[in-house]
Amino acid sequence: MKLDFGKYRGIIVSVALFLLLDASVLLMNFYISFEISEDAVGVNLAGRQRMLSQRMMKSLLDLDAADSVEQRQLAMAELSQTVALFDNTLRAFASGGETLSAEGHGVMLGAVNSPAGRQALEEAKTLWLPFLQRLDPLIDRHSLGGDASYAARLHNAVAYGRANNLTLLRLMNALTVDLENVAASKAKRLRLIQTVGISLAVLNFFIIMFHFLRQLRESDSKIELARQETREILDTVNEGLFLLDRDQHIGSQYSHALLNILGQRELEGVAFAELLDGIVSDRDRNTAAGFIKLLFDPRKKQKLIGDLNPLRQVEVHIPQPDGSFANKHLSFGFSRVVIDGEIVHVLVTVQDISRQIKLADELEAAKVQGEEQLELLSTILQSNGDLLRHFLSNSFASFQKINGLLKQPAKTHQQYIDKANQIFALIHNYKGEAAALELHRFARQAHQFEELLDGLRRSAELSGNDFLGLVVHLNKLIAQTETIQGLVEKLGTLGLSGTSQVASSSATYAYPHWSLFAEQVAERQGKEVELLCSGFNDVPLPKTMEAALNTLTVQLIRNAISHGIETPEQRRLAQKPPRGEVDVRLLARADGSIQLSVEDDGDGIDRQAVIDTAVDRGLIDGAAAESLDSKAIMNLIFHPQLSTRSEVDEDAGRGVGMHAIREVVRELGGRVTIQSRRGRGTRFQLFFPAEINAVKSAA
Amino acid sequence: MLKMMIVDDSNIIRSKICRAHDSERFDVVAIACDGAEALRMFHECRPDVVTMDLTMPNVDGLECIAKLARIDPEVLILVVSALSDQATGIEALENGASGFLLKPFSEEQLREALDELTEHLYD
Amino acid sequence: MTEETLQVFIDGVSRYFEHTKDNDLRVGTPYLADNCAPVSMDYTGLIGVSGSNKGCVYFTAPKAMLRHLILSLGEPDTSDENMVDLVGEVANTISGNARRELGKNFMISVPVVVSGAPGKIHLPTELRSYVVPTTWRSYNAAVVICLQH
């Protein structure tokens, strides 16, 4: 770890100063204490000089008064010892040197250099030297003893001693006092130094504290400011932001938006995998872990692995407190955080892109729907508005009927078969109308519907569940029909699509439309046909009746072409004109009843084929077939499961057409007759009583 | 000049990479059509940089990357793949590749990817 | 919304009845119903669905059937509480089955049981729902599925 010396210089200098101060005070303390202890020795020895001056005098007087040799010797020994000690010590005081301590050790004394001390010493020296001169011979000659000169010298010394003894004592006392004063002043100085030292240390301490605290406060407030800024950023930013460490755990700080995006949760220290658990697929979660691991590998190029991020756009399901799930599209971004060349963290950004995705999806859906609608639109624009509206209301009616049939309870296989047959009749009708209006999309779907039904009718054991696919299909058909109705309504308000035509349909009827339909059917079958229509514009009809007649006519035209009219080749062989004719007429009788006839000049009904098919399908048995009369055979044609054409296509062939027609006619209270001659043609006639017309009119 | 090897089973991709790379910096020394061929050529010409497809006949890309990285841990491998399955891409990088370029790519994208891959060699 | 998806929900109910003594739950012909007037009986167990398909799925049954069912499960207490419990259990089975079969894209909520007033079920009116009538013994119940794409 590197230390920033610049930042800490102040504090380091302060602390060093503090230590230096402490050390010097300590040093001074040592030194002065040592000096004081030396001075104490000086004071002691000076005090001894005081005492020695008196002992010296006393032993001199003892010597003088000695009666015996013994006493003299004793006094002489005392005298010589004290004189030597006094002299020695005085010299040591005067110019430094060794003397003996009270305990008899050698002690070094420094020369006294205080003025008063020096003066006392100088004076003492002036007194002492003559005294010593008088004493020395006394001591030296002592061994000789007893002569006259000795007594004179003794007397001389005693006299000198007597004269100066007190002065010498005073001087030694002065020396002692001086030395004591010096020691006392040193002790005082020591106290002063200690006081100053401690004061300086305290001052330093306060400086350090002040300085340090200020720096601390400053850096604290800087940190706090930075922290607050970070917090503000994290609280305000719209993206989820957080750091991941090498173990893929979330750091302590993350943006507030993250909680909103991922649902309220505590995230600090949570493993990233745990965060993803349950909201994305296990597979994506594992891939993400692998991806983040790559980001911590410095050998992998960050810019070149972006495509491997499995969470760049991911749909998540976030559990809500009420037990449901919120769906969101999120975008996770990952980038390395590099400090000093080392990848320390991965910064993760999370964006809620649900809106963008939704818009894009809607745009795409709108595009698809737009294309579909355009296709429908072109059809609608080409169609007659009234007819289209008939078709639509008929369609909804049919769908409702189909749904009604589905809803009816059924238990046995036969009941289910009947249900399928009835539905078949309705959807077949619908298919016819759709084809007539060239709504091929609907015709195709109706055809698929028929195929589903066909599958049902063939199965050996039916149950309700088998109708599931049918219902799904029905729902789709309804939805699409609703779409087209919406379009028609929109166009109606725009005044397009012939919807502004006169409401009364008696004005014009759609021959051109039927002709077109007839041509299309013929073309698909490789046939040629001409449609002749008459009477429709002469007979006033209520809307509902008109719609029903439209359905029936379309169905009959289609049947005539599919089943009746032969191919041009066959017609040539039969010596007929290659172009077949279908004649459609509507007649109103005086009693108000209506008659619709559709006649073709085709091959006529092949009765044997009808019988064979019926036997083949198990509708009748072989024996019964033998005894069928003409009317019974014609009745077979109305059986829901009969078709004499071998192929099945959009136009015909499922044999429900006639069944459906009879159902519709019966519903209107009418009846159907068929006349057919082999090789010459077939005529269908539909009769509707007057009162039906009237009642429907009123409704 | 860096020696480059192209490994891809698609002729179109191979020639696109040949055409698009910066010829002042890269010298294409080998072109392999599958993993087995790539391993053989790698021993011969020791390229510095390899562009590698993942789905190839014989030895597939993942295995090939692992082997190349074992032979030369310093080799820089750029995965060039259309895989929409990110887990496989990540496995390729775990095996030793250094970068991933998603097909289809523009010539510009390829040049940038190769620059990025080798950028640390020019510092 | 596919036939397969619908089947999964229907199977969920059938699965529940497999555990009963008379496991002959018969499925009638499904049909469409306008969401303005949702099909509902005495007790309804409802689960919410989110994810790629949004909407709800519910099982609705009459009191008499539930009473009989409780008894057939060997439980003598046919209190209101137990009926709610039972319907919730059926809804749970539906959701469990759907979770297993339909995977992550179908997020299914915890079942909610609505009793009595049929007005409490709100469905998006612009959609139609699929009604699958079911018969157990002589009682009629229904599974209703209303999901948008």
Which one is farthest from A:Asn550 (Cα to Cα) among residues in region A:420-442 that are within 13 Å of chain C (Cβ to nearest Cβ) and open to solvent by less than 10 Å² (accessible area, probe 1.4 Å)? A:Ala420
Among (1) open to solvent by 60 Å² or more (accessible area, probe 1.4 Å); (2) over 30 Å from A:Arg153 (Cα atoms); (3) at pLDDT below 85; (4) of a type outside the set (S, T, N, Q), the one test that A:Glu35 misses: (1)
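Restricting the search to region A:87-117, which residues are open to solvent by less than 50 Å² (accessible area, probe 1.4 Å) and without any contact (Cβ under 8 Å) to a residue 60 or more places away in the chain? Show your work before the answer.
So in region A:87-117, the residues open to solvent by less than 50 Å² (accessible area, probe 1.4 Å) come out as A:87, A:89-90, A:92-94, A:96-97, A:99, A:101, A:104, A:106-107, A:109, A:111-112, A:114, A:117.
Those that are open to solvent by less than 50 Å² (accessible area, probe 1.4 Å) and without any contact (Cβ under 8 Å) to a residue 60 or more places away in the chain: A:Asp87, A:Thr89, A:Leu90, A:Ala92, A:Ala94, A:Gly96, A:Gly97, A:Thr99, A:Gly104, A:Gly106, A:Ala111.
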Over region C:113-122, the set of residues at pLDDT 75 or above and open to solvent by less than 30 Å² (accessible area, probe 1.4 Å) is C:Val114
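Restricting to region C:54-85, give me the number of residues that are touching a residue at least 40 places away in the same chain (Cβ under 8 Å) and either buried (at least 19 other Cβ atoms within 10 Å of the Cβ) or assigned to a strand (DSSP E or B) (or both). Give the steps one after another, and end with the answer.
To start, the set of residues in region C:54-85 that are touching a residue at least 40 places away in the same chain (Cβ under 8 Å) comprises C:54-62, C:64-65, C:68-69, C:72-73, C:83-84.
Going one step further and asking which of them are either buried (at least 19 other Cβ atoms within 10 Å of the Cβ) or assigned to a strand (DSSP E or B) (or both), we end up with C:54-61, C:65, C:69, C:83.
Number satisfying all stated conditions: 11.
Which of the residues spanning region A:305-329 are farther than 27 Å from B:Ala113 by Cβ, of a type outside the set (Ser, Thr, Tyr) and out of contact with any helix residue (DSSP H, G or I) (no Cβ under 7 Å at 6 or more places or on another chain)? Quick ask: steps written out before the conclusion?
First, pick out the residues of region A:305-329 that are farther than 27 Å from B:Ala113 by Cβ: A:315-329.
Now narrow it down to the ones that are of a type outside the set (Ser, Thr, Tyr): A:315-323, A:325-329.
Correct list: A:Glu315, A:Val316, A:His317, A:Pro319, A:Gln320, A:Pro321, A:Asp322, A:Gly323, A:Phe325, A:Ala326, A:Asn327.
Are any residues in region A:522-570 among the small types (Gly, Ala, Ser) and not in a helix (DSSP H, G or I), and if so, which ones?
In the first step, residues of region A:522-570 are kept if they are among the small types (Gly, Ala, Ser); the result is A:522, A:526, A:534-535, A:547-548, A:560, A:562, A:564.
Passing the criteria: A:Gly526, A:Ser534, A:Gly535.
Of all residues in region A:276-308 being assigned to a loop (DSSP other than H, G, I, E, B) and facing chain B (nearest Cβ under 7 Å), which is most open to solvent (accessible area, probe 1.4 Å)?
Step one: filter region A:276-308 for residues assigned to a loop (DSSP other than H, G, I, E, B), giving A:278-279, A:281, A:296-301, A:305.
Narrowing further to those that are facing chain B (nearest Cβ under 7 Å): A:299-301, A:305.
Numbers: A:Arg299: 89, A:Lys300: 12, A:Lys301: 21, A:Ile305: 1 Å².
The selected residue is A:Arg299.
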Can you tell me which residue is surrounded by the fewest Cβ atoms within 10 Å (Cβ to Cβ) among those in region A:310-333 that are at negative phi and within 7 Å of another protein chain (Cβ to nearest Cβ)? A:Asn327
Any residue at all in region A:276-291 that's under 16 Å from B:Gly99 (Cβ atoms), touching a strand residue (DSSP E or B) at 6+ places or on another chain (Cβ under 9 Å) and not aromatic (Phe, Trp, Tyr)? no
Looking at the structure I just gave you, is A:Arg134 of a type in the set (Lys, Arg), under 23 Å from A:Ala66 (Cβ atoms), crowded, with 17+ Cβ neighbours inside 10 Å and without any contact (Cβ under 8 Å) to a residue 24 or more places away in the chain? no
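Give the residues of region A:582-609 that are crowded, with 20+ Cβ neighbours inside 10 Å and aliphatic (A, V, I, L, M), sorted by residue number. Even if it seems obvious, please write down each step before you answer.
From region A:582-609, those crowded, with 20+ Cβ neighbours inside 10 Å are A:582, A:584, A:586, A:594, A:596, A:598-603, A:605; that's our starting set.
Those that are crowded, with 20+ Cβ neighbours inside 10 Å and aliphatic (A, V, I, L, M): A:Val582, A:Val584, A:Leu586, A:Ile594, A:Leu596, A:Val598, A:Ile605.
Residue under question is C:Val110, and the condition is that it be more than 9 Å from chain A (Cβ to nearest Cβ), among the hydrophobic types (A, V, I, L, M, F, W, C), part of a loop (DSSP other than H, G, I, E, B) and open to solvent by 10 Å² or more (accessible area, probe 1.4 Å); does it hold? Outline the logic, then answer.
Values: more than 9 Å from chain A (Cβ to nearest Cβ): no; among the hydrophobic types (A, V, I, L, M, F, W, C): yes; part of a loop (DSSP other than H, G, I, E, B): yes; open to solvent by 10 Å² or more (accessible area, probe 1.4 Å): yes.
The answer is no for C:Val110.
Can you say whether A:Val43 is open to solvent by less than 50 Å² (accessible area, probe 1.4 Å), in contact with a Gly (Cβ under 6 Å, 6 or more places away or on another chain) and part of a helix (DSSP H, G or I), as far as the supplied structure shows?
On the way: open to solvent by less than 50 Å² (accessible area, probe 1.4 Å): yes; in contact with a Gly (Cβ under 6 Å, 6 or more places away or on another chain): no; part of a helix (DSSP H, G or I): yes.
Criteria not met by A:Val43.
Quick check on region B:5-35: of everything there that is of a type in the set (Asp, Glu) and out of contact with any strand residue (DSSP E or B) (no Cβ under 6 Å at 6 or more places or on another chain), which residue is surrounded by the most Cβ atoms within 10 Å (Cβ to Cβ)?
Within region B:5-35, the subset of a type in the set (Asp, Glu) is B:8-9, B:22, B:24, B:27, B:34.
Next cut, out of contact with any strand residue (DSSP E or B) (no Cβ under 6 Å at 6 or more places or on another chain) only: B:8-9, B:22, B:24, B:34.
Working: B:Asp8: 26, B:Asp9: 18, B:Asp22: 12, B:Glu24: 7, B:Asp34: 18.
The qualifying residue surrounded by the most Cβ atoms within 10 Å (Cβ to Cβ) is B:Asp8.
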Filtering region C:19-38 for residues that are at the interface with chain A (Cβ under 10 Å from one of its Cβ atoms) and not in a strand (DSSP E or B) leaves a count of 3
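State the number of residues belonging to region C:39-59 that are of a type in the set (S, T, N, Q) and within 11 Å of another protein chain (Cβ to nearest Cβ). So that I can check it myself, show each step before the final result.
Going residue by residue through region C:39-59, those that are of a type in the set (S, T, N, Q) are C:40, C:44, C:50, C:52-53.
Within this subset, residues satisfying the condition of being within 11 Å of another protein chain (Cβ to nearest Cβ) are C:50, C:52-53.
So the count comes out to 3.
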Boolean, C:Glu3 is open to solvent by 20 Å² or more (accessible area, probe 1.4 Å), more than 24 Å from A:Gly323 (Cα to Cα) and within 11 Å of chain A (Cβ to nearest Cβ): yes
Check on A:Val346, open to solvent by less than 10 Å² (accessible area, probe 1.4 Å), more than 14 Å from chain B (Cβ to nearest Cβ) and at pLDDT 90 or above: yes
Of the residues B:Ala38, B:Ala82, B:Ala97, which is under 11 Å from the mean Cα position of the chain (by Cα) and within 14 Å of chain A (Cβ to nearest Cβ)? B:Ala97
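The values are calculated or read from the model by the stated rules, or taken from the named source; none is laboratory data. Since the structure is predicted, the reported quantities are computational estimates derived from the model, not experimental observations. Because the Cβ atoms are built from the backbone with ideal geometry, glycine has one as well, and the counts that use them run over all protein chains shown. SASA here: full protein model, heavy atoms, side chains in, ligands and nucleic acids out. Shrake-Rupley method; radii C 1.70, N 1.55, O 1.52, S 1.80 Å.
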